[in-house]
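The values are calculated or read from the model by the stated rules, or taken from the named source; none is laboratory data. Note that the coordinates shown come from a computational prediction; the quantities given were computed from them, not determined experimentally. No Cβ is skipped: glycine too gets one built from the backbone with ideal geometry, and neighbour counts run over all protein chains shown. Protein only, heavy atoms only, side chains kept; ligands, DNA and RNA dropped before computing areas. Shrake-Rupley method; radii C 1.70, N 1.55, O 1.52, S 1.80 Å.
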Amino acid sequence: MRLVRKRNTRKATPSDSVRYRREQLGDPDRDLSLLEHCATLWENLRPFRERRARAMRFVYGDQWGDTIKIKGKTMKERDYITSVGNVALQTNQLKKIVETVSGVYVKEQNEPVCKARAREEQIFGELMTTALQTNWQINDMPLMVDSCIKEVLIGGMACMRECYEYRDGETDSWSDICHPNYMFFDSTMKDPRYKDMEIIGEIHDITFGRFCEKFARSREDVQKFAEWYRSESSPLWMELVEDVNDKHKNDELTFWSPKDKGLCRVYEVWRKESRDRYRVHDENTGELYMINADDEKSIRYIDAENKRRLAMGREQGWSDDEIPLIHYKENFFVDTYWYGRYLTPQGYILWEGPSPYEERRHPYSLILLPMTDGQIVSYIHDAIDQNIAINRLMTLHDWMIRAGLKGVTFVPADIVPDHMTNQDFAEQFTSIDGIIFYEPKKHQQKPETFYGHAGTLNLAEIVKMMSELMESSVSVNSAIRGENVKSGTAAALYAQQTQQSATPIASLMMRFGVFVKHIATLKLANIQKFYDPSRFEQIAGQLSTSVDTSRTDFKLAGNIEYDLSVTQSTSTPIYRALKTQILMEFAANGFIPPRFVFEFGDVPGADEILQRLDAMAQENADQPIAPDYEEKKQMLTAPGGDFS
């Protein structure tokens, strides 16, 4: 008998978007139309990339790089100034603003903290906090966060991707900064929380070796990939040697191929898909879960279980309303979820599947400024024009100085002796200790030297005014920069100015804090889902004073609800010194043993001291106990005992 492969003959409806799309495309292994849609989204963000490139150039590059049109010819401002014989001067006021605002956030030294919502489960909150902060340090998150806030200030956008995979000999949750020029997403979003996002993705340019490491599962896959990326897979292909500043230039990027032909281009696309599902409620156990509407096996099981329960209940004389059943038919709904795909430039699907992350979300954390009416504008956008004005004033002032008279001497032609040429006379006249012999004549004129004066621009005052306008446009003043206080300023006044100086940027700090919290939330979700009990038990070893590893069920750690917050780090020198001081006071008053000061405080050489204490305790334990030890101990511990 010949076997015939079973096929799902039921046609998909548009609400089952993944199956419906496959049927419409006809080829389940390719989806070129999705790539074309992503290319359109990427092109829609071109104005943003141009504004970001200009702002990046003003902060770290050529501030005279804007193009102008002179007599029908397009050229850069620097080229025009050079062509007329002048020097383009520039002063970078924007970099100081970026470093100042980013320093305000970095100075807080924030780190994530977890708290279990149930008080009796708080021990797992401390466990999860330790796991999260350990991963925070492994990923060098303070450095990553600092780079992100600089990106927000300069470009108006920052993005970070969270994934759980094997890297450098360890499987863990990893964070990667995404380059804004390689991102694409809904260009019609209006919600500042990005809840109306339907699609987001990223362009990856990787070597053929890394490509095979991630997607190859057999030798056949490697051979197939080598055909797709024939030139990129050649070991003789040399990577382009170029300036790192030119590698990601916006005007040289294309969606369909990398600038470096030795790299393989891969598109990561996450899209909201839909599917028909049932919400299932088991009245007997109280369990709630979902099943697919076309999951015939689960539906047959539920129907059979309901028939069995009805039969059992009727045998006991119960009415049908009293019998606990499993309900699902009345709970039909269309579920939306994030669905990921990796594609090649030819549209071949390398991997696809629903989101493996908790709450079925995509792996990206995003911040866009100001996201008012869907606009993305950098924080320093308004200050760029002020910086341009300062540069032009400085160049104009230098221009006027060089164009003014600077000691021009007028010499009457009749006073030059006959035995000297004009060149000889000029050299002798301007030389040190020069002597010229001539026959004086009546009413003969003498050489005169003229000095011209350049126009007075009051450059210092104008530059100061423009700098103040720039600072006010971005809410950065001397107090927030921590500059030296002027003499005569009261300490209380300066402290108040310093405290209030951060008020104008409080909104920016709040928005960035939400971004960092979202990153920590994705990390927490990965840790809860992918860490096994043995790994939690290993982490609990760092909390051995508060966790009884022999009685704690670490399987519960991933199923508990936590409240996540990003607060100021407790590892600062001030906090550690304060904690040590409090412990010393408690020990002096007898509230805690002195040993706790060395275990929980910040005492130099604490480990060595604890080892010596343990050795002394062991030596005392090995010594024989005196016959009257218990009697003396009772005398010392009794109320009013003589401790002398």
For a quick check of your reading of the filter: which GluC sites (Glu not before Pro) in segment 275-341 sit in a DSSP loop and have no more than 10 other Cβ atoms within 10 Å?
GLU287
For segment 15-155, report the accessible area per residue in Å² (1.4 Å probe, heavy atoms, rounded to an integer).
49 Å²
Within segment 72-155, list the trypsin sites (Lys or Arg not before Pro) lying in a DSSP loop whose Cβ has at most 15 other Cβ atoms in a 10 Å radius.
LYS107, ARG117
Nearby aspartates and glutamates by direct alpha-carbon distance to LYS69 (threshold 16 angstrom, same-chain neighbours under 8 apart not counted)
GLU77, ASP79
Which GluC sites (Glu not before Pro) from segment 61-137 combine a DSSP loop assignment with at most 15 other Cβ atoms within 10 Å?
GLU108
Probe 1.4 Å - accessible area at PHE225, Å² to nearest ten
10 Å²
Determine how large the accessible area of ARG210 is when every protein chain is in place; take a 1.4 Å probe and give Å² rounded to the nearest 10.
150 Å²
Under 5 Å between amide H atoms, partner at least 5 residues away or on a different chain: which partners does CYS264 have, H built in plane at 1.01 Å?
ILE206, THR207, PHE208
Got a number for the accessible area of LEU89? Probe 1.4 Å, square angstrom, nearest 10.
60 Å²
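Which links in LYS272/LYS523; LYS11/LYS272; LYS272/LYS329; LYS150/LYS195; LYS76/LYS259; LYS95/LYS261 stretch past 28 Å when you go from one Cα to the other?
On the way: LYS272/LYS523 21 Å; LYS11/LYS272 21 Å; LYS272/LYS329 25 Å; LYS150/LYS195 25 Å; LYS76/LYS259 24 Å; LYS95/LYS261 34 Å.
Too far apart for the 28 Å limit: LYS95/LYS261.
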List the residues of segment 132-149 whose backbone N lies under 14 Å from a point placed 7 Å from the Cα of GLU170 along the Cα-to-Cβ direction.
132-141
Within segment 75-137: Cβ-based charge dipole about Cα centre, in debye rounded to nearest 20 (Lys, Arg +1; Asp, Glu -1)
220 debye
Per the 1/(1 + (r/R0)^6) rule, R0 = 25 Å and r from the Cβ atoms of PHE429 and ILE401, FRET efficiency to 0.05 is 0.50
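Out of the total accessible area of segment 89-239 (probe 1.4 Å, heavy atoms of protein only), what percent is carbon and sulfur? Kindly include the intermediate steps, with their values, before the conclusion.
Values: 3720 of 7440 Å².
C and S fraction of accessible area: 50 percent.
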What net charge is computed for the residues neighbouring ARG392, neighbours being all others with C-beta under 12 Å from the C-beta of ARG392, Lys and Arg scored +1, Asp and Glu -1?
-4
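For the full complex of protein chains and a 1.4 angstrom probe, list LEU45, LEU310 by accessible area with the highest value first. Could the numbers behind the result be given before it?
On the way: LEU45 15, LEU310 35 Å².
Ranking LEU45, LEU310 by accessible area, largest first, yields LEU310, LEU45.
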